[in-house]
Structures are given as C-alpha cells and as structure tokens.
Amino acid sequence: MSMCSKSMESAIRPSSTLPRGGTCRPVAAIEAGMLAGAEIVTGSDAEIVASHCTKDLSWLQPSIDLLATLGTKVIDVHIYSKWGLAPIGAPAGAHLHTLPNLGRNDQVYAEYLATRHHSLPGQVFFLKDSSFHYGGHDFKKYERSAVQMAQELRTRGFSCGRAPPHCGPAGNGSQWHERAVLEAFVLRNYKEKHTQRLRGGAPVNATFNSPTQSIGAWLASVLSQPTYSELRAREVWPVCYGGSFAARREQILRVSAADWAALAKSLSRADNLEEGHYMERSWAALLSPPLPTNVARQLLCHPAVKKAPYSGMLLATVGHHTHKHTQTHTHKHTHKHTHKHTHTNTHTHTHTQRVARAWWRGPMNIGWLG
C-alpha cells in the first residue's frame, strides 16, 4: 500500500496561477531560508517517553548511546504500558508505568506533559515502541532515527520522527498544512480494520467517533481560549504524522499545564478514538512557534490536499503530468471520384508544470486531496 493513494496522485491538476512575482519557491528553499542564521542549541539533558504496546524495545539503548555522541545525555527513560505487557529489551534503570488502556500514545504524552510541566529536562523524545521498525509497512522508509531528530532539535524546537510522505508523480508532501483546510479534518468514514491491523490487531472500537465534528471544533472545546486563539491565528501549521517526535523545553512550556491536562482527559474517552487522530495532527503546531506571516504566505502558493488523511497538506514539489491528445480529422473530397480520408493522430506530451495558487485569493484545494 502506497503512503499516498493513486486517487491522490491523479487529482493533481496543473495551474497557471502563481503568487506575485511570478514564482512559487520550492518548500525546501523556503525552509532553508527559515533556518539561515538560526541559533544552534547543543549539549542538553533529555528524557525519553516511550509508549509501549507489544514491540521489543531493544533498539532504545543503542539510540541512547548514539544521542550521547551528539552531546545529548539521556538522564531518564519512562516506559508507559497500556496493555499490561512487560517490555522486552528495556534499558537498565528505565521507569516502568502501567496505565489504563485509553487514548494510546497521545494520551501518554499529554499526561506526561501535564504532570512534569514544572520539572522538564532540556529535551524530551516521545517515541512509540514501533518508532524505528514499522513491521514491513512502507511507512518504515519515512521513519527518522533519534539521532536525526536530535540534530534537527539543534536548530528547531521540534522534530518529527517521520519524514513527510512522497506521493510519486504527484510530488512530495510537506510538513506544512493549510490551517483553514486542516481544521475541518474528520475521519467519519475511517477504515478501522486497516489501522487495527497495523496496531496489533485490537478489536474495532465502537466509540471511535468524537462527539465534536472536526479537529478545529475539538481543539476549541478542549484548549484554553488564549492557546486556541493563538493556534487559529496561524495560516499554516506544521503536522507530524506517526506519533513519534521530540521537543525542547521552551516549546513545551508555550502551552500551559492546564491545557496539557485537558488534552489528556479528552484523550481518555476510549482506547481507539478519533481524537487521537486529531491530536496526532496537533502536536507539531502546539510545540512549534508560529511562522512569520511572509513565510506562511510563501508556503501557501503550493496546492493543498483537501481530504483525509492528509487534509490541508501543502505539496512541496510537483512532478510530471502526462497528457494524451487524440485528434481525428475526416475530409471528404469530390472530384471525378469520391475519396474519404480519415487521419488519426495521437500525441503524448510529458512536461513539468508547477501547480500553485495565489495566496491572496481563496483556497484552491484540489481533487481528492482533502
């Protein structure tokens, strides 16, 4: 199964609409400009918060050893189990916690942030037990190591454990999402059986659907007014898929302990729940500062995915579009004899064309994407 479905790829349509100035810079170029001159933070203590389900954790200690080579000293490892299974391969000295089987990894992380808000280390790595071995599923090739995450934390306050997806001929996905599209995200028609297979074969949960109608409505109902208003003022949000990420203390403290506690409580409604997918798409925005307005608007020249599961995702690049044109001409001539000539010409043109929209107009959300 491809991470980006064929229906997503075929929905990309070329557009001649470009932002002012006539160019739409690649996302990589915009990101490079953002990092130019960024402060590099090195040498910090860290904790690992691991959400354990059924996977072997023997990969944790080698990751800790590698982090030490970058000057990141892991001072504590907290392993939270919701299935009542003793973890295999846990590092020596790790703290083992057993919690009710509610809310999965997102509830674990929010609970930790609420209770440790006033005693946080310099960095926290939030990792699922499947972080670096995704069972052969093609998500595996997008997973990033703890070392890669630590390197990114040096220049950013947040790092995702999974790279944005590559969508074949349609181009690359990016971490950036158009907030106006993302906030309408729902999974009312979510295909649970596939996700249950990926997550250990747990039975389908009849209470999956959230009482709220979208990710935006959920955040508005859970977060304090100042936190929600600050989020909604942003035109572009970063999104981290996969449930593993890292953050620096100063970014965590941008959100109050009361907000983290409210999120943890909401995520305790059931085991497998729609709010977990809402939270997955909210971590990066909650743990990252807002983009400057001019940078957000540069990103918005890229087309946005319209539908789940990648609602609002801004495509980083656009690949090739192949168009096939068939023309049939029929000519009838009357001289001494009547001749009927039929010519059929089939031309296939492959060209690269940038898909974009102007940020000063309304959203041009394309096809399936979303």
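No lab work stands behind these numbers, since they all come straight from the coordinates. This structure is a prediction, so every number in the text was calculated from the model and none was measured. With ideal geometry, Cβ positions are generated from the backbone for all residues, glycine too; neighbour counts draw on all protein chains shown.
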| task | Could you bin all the Cα-Cα distances of the range 12-124 into 10 Å bins starting at 0 and give me the percent of pairs in each, rounded to whole numbers? | result | 11, 30, 24, 15, 15, 4
| task | Provide LEU291, LEU35, LEU314, LEU253 in ascending order of the number of other Cβ atoms located within 10 Å of each residue's Cβ, fewest first. | result | LEU35, LEU253, LEU291, LEU314
| field | Phi-based couplings in Hz for the range 23-39 (Karplus 6.51, -1.76, 1.60; Gly and Pro marked x) | value | 10, 10, 5, x, 4, 4, 5, 5, 5, 4, x, 5, 7, 4, x, 5, 5
| query | How many angstrom separate the Cα center of the range 213-268 from the Cα center of the range 56-88? | reply | 25
| field | Entries in LYS82/LYS306; LYS55/LYS306; LYS128/LYS306 that, when Cα-Cα distance is taken, lie over 30 Å | value | LYS82/LYS306; LYS55/LYS306
| query | Measuring from label point to label point, each 7 Å out along Cα→Cβ, what is the THR98 to LEU35 span in nm? | reply | 4.4
| In straight Cα distance, which aspartates and glutamates are under 18 Å from LYS73, not counting same-chain residues fewer than 8 positions off? | ASP45, GLU47, ASP65, GLU152, GLU250
